Structures are given as C-alpha cells and as structure tokens.
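So the structure is just underneath, and the comments pick up after that.
The values are calculated or read from the model by the stated rules, or taken from the named source; none is laboratory data. What you are looking at is a predicted structure, and each value in this text was computed from that prediction instead of being measured. Positions of Cβ are generated from backbone atoms using ideal geometry, with glycine treated the same way; all protein chains shown enter the neighbour counts. Just so you know, the surface numbers come from the protein's heavy atoms only, side chains and all, with ligands and any DNA or RNA stripped out. Shrake-Rupley method; radii C 1.70, N 1.55, O 1.52, S 1.80 Å.
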Amino acid sequence: MTDRINKLRDQSLKAINRLDSERALLVTNFYKTGIDKTVSVAVMRALTLNHILINKFICINEDELIVGERGPAPKATSTYPEINLHTVEDLTILDTRPKVSFKVDEETKRIYLDEIIPFWKGKTNRERIMNSMTKEWIDAYDAGIFTEFQEQRAPGHTVCGNKIYHKGMLDIIRDIQDSLSALDWKNDTQASEKNEELKAMEIAAKAIILFAERHAEKLQELSGKTISQERKQELLELAKICRQVPAHAPETFHEALQYYWFIHLGVITELNPWDSFNPGRIDQHLFPFYQKELEEGSLTKERATELLQSFWIKFNNHPSPPKVGVTAQESNTYTDFCLINLGGLKSDGSDGVNELTFMILDVIEEMRLLQPSSMVQVSKLNPDSFVQRTMKITKTGFGQPSYFNTDAIIQELLNQGKSIEDARNGGASGCVESGAFGTEAYILTGYFNLPKVLEITLHNGTDPVTGKLLGLETGPAALFRDFDELLQAYSRQLKHFINIKIDGNDRIERIFMEHMPAPFLSLLVDDCISNGKDYNAGGARYNTSYIQGVGLGSITDSLTALKYHIYDKKTISMTGMLKALSRNFADFEELRFELVYKTPKYGNDDDYADTQALSVFNFFYDAVNGHQTARGGISRINLLPTTSHIYFGSVINALPDGRKASEPLSEGISPVQGADKKGPTAVLRSAGKLDHLRTGGTLLNQKFTPSFFDHEDSIIKMTALIRSYFRMNGHHIQFNVVSADTLREAQKHPEKYRDLIVRVAGYSDYFNDLGEDLQNEIIKRTEQTS
C-alpha cells in the first residue's frame with residue numbers, strides 16, 4: 001500500500017460508527033412543505049432524493065482518489081424515518097449497546113425528539129406494514145416462525161449490470177424520453193402511472209448529475225486552497241472526472257470507478273435497501289478500460305491498484321444502517337453485504353478470469369477490510385491457478401473470498417427462466433443469493449424457522465413457548481402411527497405457515513408499490529425504463545421473492561432422532577420424548593447422550609439421516625416455489641441464516657436431536673455444530689444430495705485449523721475439495737481458518753484480538769463485534785484437520 005492508502009485505510013478503520021441525522025432532517029423538512037399533496041408518489045420520491053443531493057454536506061477526505069460519502073464523514077450513518085422511525089429509546093440502545101453500536105450525540109437526540117419523531121409518528125412504512133398484517137401473521141412473527149426483511153428496510157437486493165459502463169445519465173434520460181414518447185395514452189390503461197414513473201426517473205437521473213457537479217465545485221474550491229502542486233492537480237483531475245461521470249459514459253478506469261461510486265451513493269441515499277447495491281462482476285466491467293489504458297500508456301498497474309484500494313476504502317466507510325429489535329437479531333452486523341464477484345464466465349460462455357481478476361485478489365488480500373465482501377465464481381472452465389490464488393488468501397484466516405459454483409448458478413438462473421446471456425452475466429449477492437445482474441429485482445423477504453415448525457407439530461399446532469395455538473391441529477404426536485404420519489403433519493404445518501408468510505409478502509409488496517417507489521434504483525435495472533414501471537412494482541425484466549430456510553441441520557437431526565428412537569428402534573415412546581423435551585432433558589441425561597452421540601447425524605454421508613434433509617428440502621420447496629407475487633414475480637427458496645439461527649434458537653425449547661432450549665440452530669446447510677465426525681468430504685457428500693439447482697442459493701460453512709495449511713499440498717487438496725463439491729452441483733462453500741483455542745482466548749482477552757476476523761454466515765466480521773451466543777456457535781463448529 002502507498003502512504004496515501006495506508007492513511008485512508010487507517011482513517012476508515014478508526015472512524016467511529018455514528019448515527020447521523022442529516023438525511024432524516026432533510027427528508028422531514030421537505031415533506032413538511034406539503035409537496036407530497038400536489039404530485040404523484042413516484043415524483044415525490046424523486047424530488048425527495050433531489051432535495052437530499054442538492055443540500056447534503058459534501059465530504060472530500062484528504063488525499064482520497066474516489067470521492068463521495070453517504071453522510072458528512074466516514075461511518076456517519078444515515079437514517080430513514082419514512083421507512084422506520086427510531087424512538088428515543090432506540091437511540092439510547094444504539095448508543096449504548098455493547099455490540100454493533102452507533103454513537104448518538106445529544107444534538108441528534110434533540111433533532112429526533114423535536115422534529116423527526118413528531119412529524120413521522122404514525123406515517124412510516126413500518127407502521128403501514130405492521131398495521132396491514134393479519135393476526136395469524138403477527139402471532140407467527142412474534143413467535144419467531146419467520147422474520148420480515150422489509151420491516152425496517154426497503155427492497156433492493158440487486159446488483160449493477162454493465163449499463164453504466166456504456167451509458168451516461170444523459171443517455172439514460174434520452175431512453176426515458178423515448179419511453180415517454182412511446183406511451184399509448186389511448187389504449188394503455190396504465191399510461192398515466194407510467195408517465196409519472198418515467199418523470200420521476202428523469203428527476204432522479206438529473207439529481208445524481210447535479211450531485212456530481214457539486215463534488216466538482218468543491219474539488220475546484222479545494223484546489224485553490226491547496227499548497228501541494230501534486231494534490232492541486234489531482235483535485236482538478238477529480239473535478240474533471242466528476243463533470244464527466246455520471247453525466248456521460250466513462251472513458252477511463254478512474255472514471256468507471258467514480259461513476260459506480262456515485263451510483264452506489266444514489267441507491268443507498270434514496271432508500272435503505274436490504275443489502276446494498278453492489279458492482280457485481282467488477283473484473284469483467286473494468287477490464288476493457290484497464291486493458292485499453294495500459295496499451296495507451298495512460299494507466300499503470302500501480303496506479304490501477306491504488307485506485308482499486310481507494311474504492312475498497314469507500315465501501316468500508318459505509319456501515320449498514322442501524323437495525324433494532326428482531327431485525328437486529330437476524331442480521332446484527334455493521335456489514336452492508338456488498339459482494340464483489342470475480343471470475344466465472346463471460347457472456348459468450350468463455351473463461352472470465354483475466355489479469356484484473358488476479359490484481360483485485362491482491363487488493364483483497366492486502367487491504368484486509370470487511371467491506372466490500374468478496375467471492376470468486378468458479379467454473380469448470382476457470383484455471384486451477386485462479387482457485388489456488390484465492391485459497392492463499394483464505395488460509396490467512398480472513399474469511400474472504402467465498403467460493404461459488406458458476407456452472408450451478410447459471411443453471412439455477414436458467415431453471416428460473418432467465419436467458420443464457422443474462423444467466424452468465426449474473427452471480428450472487430448479499431450472502432449467497434443468485435440473480436441476473438442488472439436485469440432482476442430479487443428481493444429477500446425474511447428467514448423461515450424450519451425447526452420451530454416441528455416443535456409446533458409435536459404439540460398439535462400449539463407453540464409450547466407462548467402457549468398459543470398458532471398452527472393446524474394435526475393431532476397429538478403420541479397418536480402418530482408411524483414416521484410417515486409425522487412427516488405429513490410437519491408438511492401440513494409448514495405449508496400453513498408458508499402461506500401466512502407469502503400472504504404477508506404480498507401485502508408488503510403492495511405497500512412498497514403504492515408508497516415507496518425507487519425511481520433512482522429503477523434507472524439502473526433493465527427493463528424498468530422500457531416498461532415504465534418501478535423496480536418495486538415489477539418493472540425489472542425478472543422479479544423474484546426469496547424466502548430463506550434456516551436450521552436444516554437441526555430439523556434433519558431432530559426428525560432422524562424421532563425416526564430412529566421412537567419408530568425404528570423403539571427405545572422411547574413419543575410421550576417419553578415430549579416429556580424429556582419439556583423438562584429440557586433434566587433427569588433425562590442418558591437419553592440426551594444417546595440423542596447427541598449415538599444417533600445418525602446429517603453431515604456424515606449417512607443416508608439414514610440425510611434422507612430427512614431431502615424430505616424437508618422438498619417440503620419447503622413445494623410450499624414456496626412458484627407462487628406469483630403481488631408485483632408479478634415468483635416466490636422461490638434459498639437456505640442461509642446471516643445471524644438468525646441464533647435468534648431462532650432462542651425461541652425454541654429443547655429439540656429431539658439433543659439440543660437444549662434456546663441454544664442456536666445449525667446455520668445454512670451446514671451440519672449441527674460438532675455433529676459431523678467423518679471429515680469434510682462426508683459433509684460435502686451429505687450436502688451434495690440436496691438439489692441446489694432448484695434453489696436461489698445455499699450456504700455451507702467449513703472450519704479448518706491453521707495447521708492444516710502447514711502441508712505443502714494443502715492448497716491443491718482444497719482446490720480439489722471445492723471442485724469435487726461443485727461437480728455435485730453444490731452452490732457455495734466458505735471457510736474459517738482458525739482454531740477453537742484461538743477463539744476462546746479471544747473471548748477471554750478481546751483487547752488482544754481486535755483484528756481477529758471470522759466467517760460468520762455469508763459474510764465476515766470482527767470476532768469482537770459478535771454476540772457471545774454467536775461467538776460460541778462459531779467455536780462449536782467442527783474443526784477439520786485433514
């Protein structure tokens with residue numbers, strides 16, 4: 001790293017995460033004018049963005065090469081009162097909670113108390129959502145059967161395609177004007193709505209141009225005050241770049257990076273999308289600029305590296321907007337889930353790995369920042385040298401990049417009806433979720449607690465934690481004649497709660513369609529402009545709503561235990577099992593020992609156990625897949641947890657696999673922590689029995705001891721392991737390279753391990769920032785040594 005990058009990186013790492021009221025106050029004051037009573041909702045939202053961008057403070061950090069911050073300083077985090085209004089109590093919690101805190105000064109509290117809370121109370125999208133839900137939905141949500149992503153956030157789980165590298169905003173405005181001219185006012189009953197949406201998009205496009213111009217003016221001003229001639233020239237060059245992009249298409253490597261960054265700021269300023277917009281296939285997008293300038297001599301590899309490092313720092317300056325309540329429990333992290341995709345295939349189906357791919361891997365290794373997160377797409381056509389270079393980063397214990405199966409992702413997207421070109425241009429975002437980049441609005445709707453449904457099934461539709469009848473009365477568990485009858489009861493309960501969840505999803509989609517369009521985000525995703533429809537209203541070429549299943553290992557081992565001990569071996573009756581569960585295994589220690597240590601477990605390539613995983617997978621798939629959504633999309637499944645497996649475990653009593661009450665569930669499609677005893681290949685064979693191609697993503701965690709990598713051939717072995725799993729159509733795998741002993745020491749002496757980074761679920765985080773339950777869950781994951 002250059003001195004410049006070292007300084008900027010250090011500034012980012014030392015910056016304090018704090019809550020900033022600037023955006024909230026600008027939005028509040030704008031709405032107070034009453035303009036929303038005179039224009040359409042779409043136009044109002046575009047005008048709101050315009051108001052923010054022409055009035056917000058312009059932050060230019062010393063010596064930086066990519067400019068623009070969401071707030072007035074690095075890690076000053078905006079709030080979104082039109083989506084979710086933080087109470088004074090929330091502000092106190094955010095300021096004082098020991099993990100993932102946001103400092104809140106007295107002036108911010110005063111602004112909230114005097115201006116923001118009085119205006120927005122009763123008017124937020126969260127209140128609309130919660131007030132629109134049925135009692136069934138509220139009861140299931142409160143019981144922890146599922147969570148809701150849009151409760152405190154906006155939709156927006158999507159990725160930038162290649163449009164911005166070929167078109168400036170002025171070109172996009174011309175596309176909008178063409179669509180306006182083509183409106184069929186005589187025959188199209190939606191012409192008026194389309195007209196308003198297109199007008200809103202044009203306002204939003206012009207707003208981001210003005211925002212860039214404000215940066216150019218500030219840079220020009222700073223150049224006049226700068227003593228250093230070298231920095232003066234840099235500032236003038238940056239001003240020139242900000243006048244070029246995003247108004248016009250980028251012509252240089254530097255312009256391409258700055259263009260994307262302005263776009264990124266526009267998306268996360270407009271709303272707080274669950275999982276931030278991200279640049280996706282960045283090595284593919286930037287390589288033509290890099291190659292051209294290298295040949296011309298206008299760019300060196302060293303300068304390109306410094307620009308990329310500057311770009312990385314900008315992401316790290318932007319923590320995820322603060323979450324509270326259940327939403328904080330399901331995803332409690334500063335990470336905003338921007339996921340850089342590297343490698344994979346080109347749109348013509350050829351190997352997509354290039355020189356820039358390896359350069360970016362160097363940047364990832366050297367910068368060692370949590371944000372942006374990174375992954376590699378691995379195809380059969382990619383060279384082993386690509387995987388092996390990546391593994392050299394993994395073995396350092398950074399937790400990045402993660403590994404994805406390009407060929408499986410393409411097939412998943414083809415199965416969903418995408419074109420082959422759009423599928424090849426796609427990848428994964430957030431944690432592991434597949435999507436067609438630049439052409440799809442794929443929205444994550446919330447996590448679903450698969451083991452909780454079993455608990456309710458075993459109690460004839462009643463939640464034993466709350467005592468409420470929440471599900472179907474499928475009959476007393478003691479009267480089930482065989483295991484198939486139990487499975488059918490579970491399947492019925494699962495469908496019942498999935499239908500409640502999907503009904504809620506549809507209500508939420510209608511609320512966002514009506515009250516919270518996103519005209520700026522709509523500019524960037526095909527075919528919103530040609531359709532004249534908003535991203536949140538089904539305007540994109542493809543539209544998907546995902547429900548994330550959680551606890552596959554826990555539900556599999558619990559069903560297996562019931563089958564093994566009650567129906568096959570008959571070592572205990574159902575009545576006896578239920579009694580043991582109700583007492584959290586008190587006085588049933590021998591039974592618990594049998595359940596934990598003497599019962600077949602998922603993750604050991606044992607068909608007796610793995611069969612239950614397939615049954616639950618199929619039940620979940622059949623209950624969710626194919627439902628048409630309110631915005632014209634399709635409901636689909638994926639399997640990942642973020643941190644919700646900790647929360648979901650807290651609302652479940654003891655389970656038949658021997659897990660005690662309130663303990664975490666298994667995460668992703670990984671085995672229950674410590675249940676896999678036969679090594680990593682057995683885990684992969686168990687996980688490989690699932691049909692990943694029918695999902696939109698599955699998450700598999702593995703933990704290796706650092707000593708494993710002492711062997712010279714370890715990286716070759718790991719490359720073969722990944723390739724083997726991907727031949728089974730596995731979607732994703734990621735690695736923690738750290739010993740349990742190290743993690744225990746970090747718990748005892750956190751001050752000595754401030755820089756310890758671990759892989760949590762689909763993201764990495766500082767071990768010290770994790771709650772104790774999550775730290776313990778990671779410690780318990782099986783350590784692979786060979």
Taking region 81-133 and keeping only residues that are closer than 29 Å to Asn505 by Cα, open to solvent by 10 Å² or more (accessible area, probe 1.4 Å) and acidic (Asp, Glu), one is left with Glu89, Asp90, Glu127
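Tell me, which helices (runs of 4 or more DSSP H) lie completely within region 185-272 with 3 or more residues that are surrounded by fewer than 20 Cβ atoms within 10 Å (Cβ to Cβ) and free of Cβ contacts under 8 Å to residues at least 24 places away in the same chain?
Where helices (runs of 4 or more DSSP H) fall fully within region 185-272 and carry at least 3 residues being surrounded by fewer than 20 Cβ atoms within 10 Å (Cβ to Cβ) and free of Cβ contacts under 8 Å to residues at least 24 places away in the same chain, they are 191-225, 229-244.
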Pairs only if they're at least six apart or on different chains, beta carbon under 6 angstrom, first in region 668-688 and more than 14 Å from Arg781 (Cβ to Cβ), second among the hydrophobic types (A, V, I, L, M, F, W, C) and open to solvent by 10 Å² or more (accessible area, probe 1.4 Å); list them, first residue then second.
Gly688/Met728
Going by the conditions given, is Asn278 open to solvent by less than 10 Å² (accessible area, probe 1.4 Å) and out of contact with any helix residue (DSSP H, G or I) (no Cβ under 7 Å at 6 or more places or on another chain)?
yes
Return the pair list, or none, for Cβ contacts closer than 9 Å from residues in region 620-640 that are without any contact (Cβ under 8 Å) to a residue 40 or more places away in the chain to residues that are part of a strand (DSSP E or B) and small (Gly, Ala, Ser), at least 6 apart or on different chains.
Gly626/Ser635; Gln628/Ser635
When you go through (1) farther than 25 Å from Asp362 by Cβ; (2) part of a loop (DSSP other than H, G, I, E, B); (3) among the hydrophobic types (A, V, I, L, M, F, W, C) one by one for Leu299, which number turns out not to apply?
(1)
Select from region 765-786 the residues that are open to solvent by less than 50 Å² (accessible area, probe 1.4 Å) and not in a helix (DSSP H, G or I) and write down the one among them that is modelled with the lowest pLDDT.
Thr782
Anything in region 281-310 that is more than 24 Å from Ser78 (Cα to Cα), small (Gly, Ala, Ser) and open to solvent by less than 40 Å² (accessible area, probe 1.4 Å)? List them, or say none.
Ala304
Single residue of region 696-722 satisfying the filter (crowded, with 19+ Cβ neighbours inside 10 Å and not hydrophobic (A, V, I, L, M, F, W, C)) that is farthest from the chain's Cα centre (by Cα)
Thr719
Residue pairs meeting the criteria (Cβ under 8 Å; at least 6 apart or on separate chains; first under 20 Å from Thr629 (Cβ atoms) and of a type in the set (Phe, Trp, Tyr), in region 521-537; second open to solvent by less than 20 Å² (accessible area, probe 1.4 Å) and not in a helix (DSSP H, G or I))
Tyr535/Pro155; Tyr535/Gly156; Tyr535/Thr158; Tyr535/Ala441; Tyr535/Pro517; Tyr535/Ala518; Tyr535/Val525
Failed criterion for Ile572 (all others in (1) open to solvent by 10 Å² or more (accessible area, probe 1.4 Å); (2) of a type outside the set (Gly, Ala, Ser); (3) farther than 30 Å from Ser181 by Cα; (4) touching a residue at least 24 places away in the same chain (Cβ under 8 Å) hold):
(4)
Could you tell me whether Ala661 is open to solvent by 20 Å² or more (accessible area, probe 1.4 Å) and touching a residue at least 60 places away in the same chain (Cβ under 8 Å)?
yes
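Within region 491-520, work out how many residues are basic (Lys, Arg), open to solvent by 10 Å² or more (accessible area, probe 1.4 Å) and in contact (Cβ under 8 Å) with a residue 60 or more places away in the chain.
Residues of region 491-520 basic (Lys, Arg): 492, 495, 501, 507, 510.
If we keep only those that are open to solvent by 10 Å² or more (accessible area, probe 1.4 Å) as well, we get 492, 495, 507, 510.
Next, from what is left, pick out any that are in contact (Cβ under 8 Å) with a residue 60 or more places away in the chain: 495, 507, 510.
Going through region 491-520 one residue at a time, the tally reaches 3.
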Kindly indicate the residue of region 311-339 that is out of contact with any Phe, Trp or Tyr (no Cβ under 8 Å at 6 or more places or on another chain) and part of a loop (DSSP other than H, G, I, E, B) and also surrounded by the fewest Cβ atoms within 10 Å (Cβ to Cβ) among those meeting that condition.
Val324
State whether the residues of region 550-564 include one that is among the basic types (Lys, Arg) and not in a helix (DSSP H, G or I).
no
Take region 40-61 and flag every residue that is open to solvent by 30 Å² or more (accessible area, probe 1.4 Å) and without any contact (Cβ under 8 Å) to a residue 40 or more places away in the chain.
His51, Asn55, Phe57
Failed item in (1) in a loop (DSSP other than H, G, I, E, B); (2) crowded, with 23+ Cβ neighbours inside 10 Å, with Arg754 passing the rest:
(2)
It is to be established whether one or more residues within region 622-629 are of a type in the set (A, V, I, L, M, F, W, C), modelled with pLDDT of 95 or more and either open to solvent by less than 10 Å² (accessible area, probe 1.4 Å) or touching a Lys or Arg at 6+ places or on another chain (Cβ under 7 Å) (or both).
yes
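Give the residues of region 682-713 that are part of a helix (DSSP H, G or I) and at pLDDT 95 or above, sorted by residue number.
Matches in region 682-713: Ala682, Val683, Leu684, Arg685, Ser686, Ala687, His692, Leu693, Arg694.
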In region 164-182, anything under 15 Å from Ala200 (Cα atoms) and open to solvent by less than 30 Å² (accessible area, probe 1.4 Å) is listed as Met169, Ile172, Ile173, Ile176, Ser179
Does Ala182 count as closer than 29 Å to Pro246 by Cβ, hydrophobic (A, V, I, L, M, F, W, C) and at pLDDT 95 or above?
yes
Go through region 398-454 and count every residue that is aliphatic (A, V, I, L, M) and under 17 Å from the mean Cα position of the chain (by Cα).
7
Which of the residues spanning region 1-48 are among the acidic types (Asp, Glu) and more than 30 Å from Met359 (Cβ to Cβ)?
Asp20, Glu22, Asp36
Over region 577-591, the set of residues touching a helix residue (DSSP H, G or I) at 6+ places or on another chain (Cβ under 9 Å) and either more than 16 Å from Lys660 (Cα to Cα) or surrounded by fewer than 13 Cβ atoms within 10 Å (Cβ to Cβ) (or both) is Ala586, Asp587
Given the criteria more than 23 Å from Leu413 (Cα to Cα), touching an Asp or Glu at 6+ places or on another chain (Cβ under 7 Å) and open to solvent by less than 50 Å² (accessible area, probe 1.4 Å), does Asn604 qualify?
yes
Check whether at least one residue in region 147-156 is over 30 Å from Gly649 (Cα atoms) and in a loop (DSSP other than H, G, I, E, B), and report yes or no.
no
